[in-house]
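Participant: Okay, handing you the structure first.
FYI, it's all coordinate maths here, none of it is from the lab. Keep in mind it's a predicted model, so treat the numbers as computed, not measured. No Cβ is skipped: glycine too gets one built from the backbone with ideal geometry, and neighbour counts run over all protein chains shown.
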Amino acid sequence: MAVAVVTAVVTVVTAVTALVPPDITAAPGPRSGAGGTAGTEIAGAEVAGAETAAVRSLRATGEPHAEVTFTWPLTPQPEVVRPFDPPDSEYGPGHRGVDLAAEPGKPVSAAAAGRIVHAGDLAGRGVVSIEHPGGLRTTYEPLSVQVAEGERVEAGRRIGTVTRGHDGCDRAACLHWGLRRGERYLDPLTVVPAAGPLRLKPWPG
């Protein structure tokens, strides 16, 4: 039986004068079945969305900020098959984003409004990067690209479709979704609402 997906939004408060993580104001997720709560599986341990201390501190200062509303780039909300693993250094090992389960040809949408700053091949795969207010940038790959550099897009606008070929993906296809502020990589899962708690599973290695 199909389950209607209620798309929640998260207001991301980004400092103009300070580098802090995005606002993570958790919203209740959609219910699944009688009394159950749907969840998202990623590697690690069980956590629930919560506002960070850094964001609470930022709000208290009253510093200027930009507001960005994020949604999931795939619908319905996908399984997270590989989580964010921040590198220790600029060129160190890690996973600079999350991998979302998909099928080849699955439409991919802009997670937030912004301007396309890259749309095309990069190292043999289709990549789209979108610049958002507050110095944030999201990246999506591998794609069959359907937008052009310089275009402005709204959240939910189709930017391409998923293609095969993402390294380490054990599904039919995966979308790699990344988030940065400046040169600092951030976890994209902190800017979208989870459908209930994040139910995390062990990740090899």
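Participant: Can you give the net charge of the other residues whose Cβ lies under 11 Å from the Cβ of Gly114, counting K and R as +1 and D and E as -1?
Facilitator: Net local charge, Gly114 excluded: +1.
Participant: Here is a further query. Provide the net charge surrounding Asp167, with neighbours chosen by a C-beta distance below 14 Å and charges set as Lys +1, Arg +1, Asp -1, Glu -1.
Facilitator: +2
Participant: Would you work out which of Val117, Gly97, Ile159 lies farthest towards the positive end of the dipole of the range 70-163? Charges go on Cβ: Lys and Arg +1, Asp and Glu -1.
Facilitator: Ile159
Participant: Under 11 Å from the Cβ of Trp177, count the other residues' Cβ atoms, weight Lys and Arg +1, Asp and Glu -1, and hand me the total.
Facilitator: Neighbour charge sum, excluding Trp177 itself: -1.
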